[in-house]
Amino acid sequence: MAELSCLPTPSLVVDLNKVTQNCERMLQKCQELGVKLRPHTKTHKTLQAGEISTGNRKHGLVVSTIAEAKYFINGGFTDIIFAQPPSLNKVEVCTALVESISKFHMLIDNVQHLQMLEDTKLANGKQWSVFLDLDCGYGRTGAKWDSIKTFDLARLIHQSESVDLAGLYVHEGNSYNQTSTGDVTKLSDMTATRLLEFSDKLEKEGIDCPVKSMGSTPSCSLPTEIMSRITEFHPGNYVFYDLQQYYIGSCTLDDIACTVIARVIGHYPDRGHMVMDCGWTALDNQSQMSKCVTGHGCIVGEPNLRIDSMTQELGKISAINGKLDYEKYPIGTILRIYPWHACATASLHEVYHILLDGAIVDQWRPVKWWSA
Ligand SMILES: Cc1ncc(COP(=O)(O)O)c(C=O)c1O
């Protein structure tokens, strides 16, 4: 056990009680709605948070990279969706993954993806299990929910002998563009309605579509009634939450489980600021999009401090109102910063220092990079 003050700076500190609370709340919400929770691992990328988020079942995840897929399979997790349309090299890598666990699903949105899977045979006549990626308005990946071509693709998957249609998958990343909780819930209802309409249409044609999966952290944090008709949710950011989620209305400031710690290293009263030993290599560059009055993040317990700007390893801090009280922050003072986007911030750190009841009790090492 160590004190926070013994850590090198900058470092990422993860509060275990908050992670557990965020995960338990999401599991409970899903249970109340009768919806399965399939957490996305992209934010934390650790076996430990994977276990907590699945209620220790180690079953039912979404991953965003091949490196994550391998890591969670090696860690004993099963029933995993690789949630990115694949290129052929990734299909080839995935053959070994499909053969190593009982359920490993691909995500596809194009007839060329289907063709690649059909051309890549699996051992023992095993079928590929696929989710059809449906675009219900976000406009990134996914086949459009209202296009006849999408319906035709679903029919082709259904008819394929080497591919099994496990379900439909929607990621409503457009929930991040909403500016009020009312707008988020409207968008969730629209997404769920489009997903359900599409699956009803398939079922009327005799195309069985067992799973309907949707979910971003904003929509799953504020689930609506119609979302109870969805089979499963797949949010990921909620494990840590962040300032962006706080501004959308998904969480309170106190729910944010990860902070970057930094030390004050210089005082510049002639320029009205002080400097900390943390820049964008530790806090991330997406903080440029921050809507906070406190600048590129929010320093815990210091509402009058603003992180004005960052360079690679340094951050400039000034007072929002009045003059900066340098005596309050002697050189060496530790500052804890809530990040704007936890997924981006966590991806910059090789180690998470685990805080439990005020002491550092453990280290988690996230899986890094992509690997195919
Ligand atoms: C395909 C996909 N599914 C699920 C998620 C999880 O959403 P969130 O980060 O809002 O929890 C993401 C996030 O980027 C995603 O890209």
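Listed by first and then second residue, the pairs with beta-carbon distance under 8 Å, at least 6 apart or on different chains, first residue in region 63-76 and over 13 Å from HIS44 (Cα atoms), second modelled with pLDDT under 95 and in a helix (DSSP H, G or I), are ILE73/SER100.
Residues are listed down the side, and each one gets a yes or a no for (1) within 16 Å of ASP164 (Cβ to Cβ); (2) touching a Pro at 6+ places or on another chain (Cβ under 8 Å); (3) surrounded by fewer than 16 Cβ atoms within 10 Å (Cβ to Cβ):
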site: LEU88; (1), (2), (3): no, no, yes
site: GLU99; (1), (2), (3): yes, no, yes
site: PHE104; (1), (2), (3): yes, no, no
site: ASP119; (1), (2), (3): no, no, yes
site: SER129; (1), (2), (3): yes, no, no
site: GLY137; (1), (2), (3): no, no, no
site: ARG140; (1), (2), (3): no, no, yes
site: LYS149; (1), (2), (3): no, no, yes
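Across region 122-165, which residue is farthest from the ligand (Cβ to nearest atom) among those that are touching an Asp or Glu at 6+ places or on another chain (Cβ under 9 Å) and aromatic (Phe, Trp, Tyr)? By that ranking, first place goes to PHE151. Filtered by the rule that a residue be touching a residue at least 40 places away in the same chain (Cβ under 8 Å) and either crowded, with 20+ Cβ neighbours inside 10 Å or not aliphatic (A, V, I, L, M) (or both), region 180-201 gives SER180, THR181, VAL184, LEU187, THR191, ARG194, LEU195, GLU197, PHE198, LYS201. Determine if region 233-247 includes at least one residue that is surrounded by fewer than 18 Cβ atoms within 10 Å (Cβ to Cβ) and outside the structural domain of GLU51 (by TED's automatic domain parsing). Looking for residues that are surrounded by fewer than 18 Cβ atoms within 10 Å (Cβ to Cβ) and outside the structural domain of GLU51 (by TED's automatic domain parsing), one finds at least one in region 233-247, hence yes.
At least 2 residues that are out of contact with any His (no Cβ under 7 Å at 6 or more places or on another chain) and closer than 19 Å to VAL63 by Cβ in each: list the helices (runs of 4 or more DSSP H) lying fully within region 79-163 that qualify.
Details: elements: 88-100, 111-119, 148-159.
Output list reads 88-100, 111-119.
Screening the candidates ASN237, ASN177 for the property of being without any contact (Cβ under 8 Å) to a residue 12 or more places away in the chain and within 16 Å of the ligand (Cβ to nearest atom) yields one hit, ASN177. Among the numbered conditions (1) surrounded by fewer than 24 Cβ atoms within 10 Å (Cβ to Cβ); (2) within 16 Å of the ligand (Cβ to nearest atom); (3) closer than 24 Å to ASN17 by Cβ; (4) touching a residue at least 60 places away in the same chain (Cβ under 8 Å), the only one that LEU222 does not meet is (4).
Please pick out the residue among ASP119, ASP133, ASP152 that is charged (D, E, K, R), farther than 17 Å from TRP370 by Cα and either touching a Phe, Trp or Tyr at 6+ places or on another chain (Cβ under 9 Å) or not assigned by TED's automatic domain parsing to the domain that holds ASN237 (or both).
Working: ASP119 fails: either touching a Phe, Trp or Tyr at 6+ places or on another chain (Cβ under 9 Å) or not assigned by TED's automatic domain parsing to the domain that holds ASN237 (or both); ASP152 fails: either touching a Phe, Trp or Tyr at 6+ places or on another chain (Cβ under 9 Å) or not assigned by TED's automatic domain parsing to the domain that holds ASN237 (or both).
Of the residues listed, the single one that is charged (D, E, K, R), farther than 17 Å from TRP370 by Cα and either touching a Phe, Trp or Tyr at 6+ places or on another chain (Cβ under 9 Å) or not assigned by TED's automatic domain parsing to the domain that holds ASN237 (or both) is ASP133.
Are any residues in region 160-179 closer than 20 Å to LYS103 by Cα and exposed (fewer than 14 other Cβ atoms within 10 Å of the Cβ), and if so, which ones? Within region 160-179, GLU161 is the sole residue that qualifies. Among the residues of region 5-59, the ones that are among the basic types (Lys, Arg) and over 23 Å from PRO218 (Cα atoms) come to 2 in all. Could you list, in sequence order, the residues of region 303-344 that are in contact with a Lys or Arg (Cβ under 9 Å, 6 or more places away or on another chain), surrounded by fewer than 18 Cβ atoms within 10 Å (Cβ to Cβ) and assigned to a loop (DSSP other than H, G, I, E, B)? Hits for region 303-344 are ILE320, ILE331, GLY332, THR333.
The residues in region 237-259 that are touching a Pro at 6+ places or on another chain (Cβ under 6 Å) and either within 15 Å of THR43 (Cα to Cα) or in a helix (DSSP H, G or I) (or both) can be counted, and the count is 2. In the set (1) within 16 Å of the ligand (Cβ to nearest atom); (2) among the hydroxyl-bearing types (Ser, Thr, Tyr); (3) under 27 Å from TRP340 (Cβ atoms); (4) in contact (Cβ under 8 Å) with a residue 40 or more places away in the chain, THR259 fails one condition alone, (1).
Could you tell me whether GLU68 is among the charged types (D, E, K, R), closer than 13 Å to PRO366 by Cα and over 12 Å from the mean Cα position of the chain (by Cα)? Before the answer, list the steps.
Numbers: among the charged types (D, E, K, R): yes; closer than 13 Å to PRO366 by Cα: yes; over 12 Å from the mean Cα position of the chain (by Cα): yes.
Considered against the rule, which asks whether it is among the charged types (D, E, K, R), closer than 13 Å to PRO366 by Cα and over 12 Å from the mean Cα position of the chain (by Cα), GLU68 comes out as yes.
Scanning region 198-219 for residues that are within 16 Å of the ligand (Cβ to nearest atom), within 28 Å of ILE148 (Cα to Cα) and part of a helix (DSSP H, G or I) yields one hit, SER219. The listed residues are ALA2, ALA96, and the only one of them that is more than 13 Å from the ligand (Cβ to nearest atom), farther than 16 Å from THR217 by Cβ and not assigned by TED's automatic domain parsing to the domain that holds THR231 turns out to be ALA2. The residue that is surrounded by the fewest Cβ atoms within 10 Å (Cβ to Cβ), among those in region 248-275 that are of a type in the set (D, E, K, R) and either in contact with an Asp or Glu (Cβ under 6 Å, 6 or more places away or on another chain) or farther than 16 Å from ILE307 by Cα (or both), is ASP270.
The values are calculated or read from the model by the stated rules, or taken from the named source; none is laboratory data. Quick caveat, the model's predicted, so the values are computed rather than measured. Here Cβ is always computed from backbone atoms with ideal geometry, including for glycine, and neighbour counts include all displayed protein chains.
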